[in-house]
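One structure is given here, and the rest of the page talks about it.
The values are calculated or read from the model by the stated rules, or taken from the named source; none is laboratory data. Remember, predicted model here, so these are calculated numbers, not experimental data. Don't worry about glycine lacking a Cβ; one is built from the backbone with ideal geometry, like all the others, and counts go over all protein chains shown.
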Amino acid sequence: MKTFYTATVLGCIVLALLSFSVQSQTKAVLFEGIVVAGYVDHGAFINCAGPSIKFTKKPCVFLLGLLPSLRLKEDKVAAGATKNSLLTPNLGFGLTAVFDHLAVQVPLYYNAKTAVKNGKWNPGIGLGYKF
């Protein structure tokens, strides 16, 4: 069900981006000055919109690209077992929509395969500010 939901949301986003008229602008950007905080996979993240493709259709801006992030997530392990750090650097991928100075983000982060769990992509949601 979660995979279907993620695929549906991404499909709608792609259709919205493809339906832009000829008057919209598209260009590549390295950094846009957006800071976002949000929730993903039972933890939090703080990121900035990194290298991306920028779609501009006044008054909205959409960025599709990489999201260099710091993820905050506490491991739930048995007593005495080794835990990962609470704060870890991570690279995500996703869509950021900016309306005036308000940024809304739908990121995807990958959790690698472990001895206990399979690797999978985890969708999230975030709110931020464009400077």
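For the reader, a short list of remarks on this structure follows.
- Verdict on residue 88 being at pLDDT below 95, of a type outside the set (Phe, Trp, Tyr) and part of a loop (DSSP other than H, G, I, E, B): no
- Some residue of the stretch 65-80 being in a strand (DSSP E or B) and over 16 Å from the mean Cα position of the chain (by Cα): no
- Cross-chain or 6+ apart pairs with Cβ under 8 Å, the stretch 64-82 first and closer than 30 Å to residue 54 by Cβ and in contact (Cβ under 8 Å) with a residue 12 or more places away in the chain, then crowded, with 16+ Cβ neighbours inside 10 Å and aromatic (Phe, Trp, Tyr): 64/55; 69/45; 69/109; 70/45; 71/45; 71/109; 72/45
- Hey, residue 30 modelled with pLDDT of 95 or more, surrounded by fewer than 15 Cβ atoms within 10 Å (Cβ to Cβ) and more than 14 Å from the chain's Cα centre (by Cα) or not: no
- Every residue from the stretch 95-123 that is of a type in the set (Gly, Ala, Ser) and either crowded, with 16+ Cβ neighbours inside 10 Å or over 18 Å from the mean Cα position of the chain (by Cα) (or both): 97, 103, 115
- Within the span defined as the stretch 49-63, every residue fails to be more than 18 Å from residue 131 (Cα to Cα), in contact with a Pro (Cβ under 9 Å, 6 or more places away or on another chain), modelled with pLDDT under 95 and assigned to a strand (DSSP E or B).
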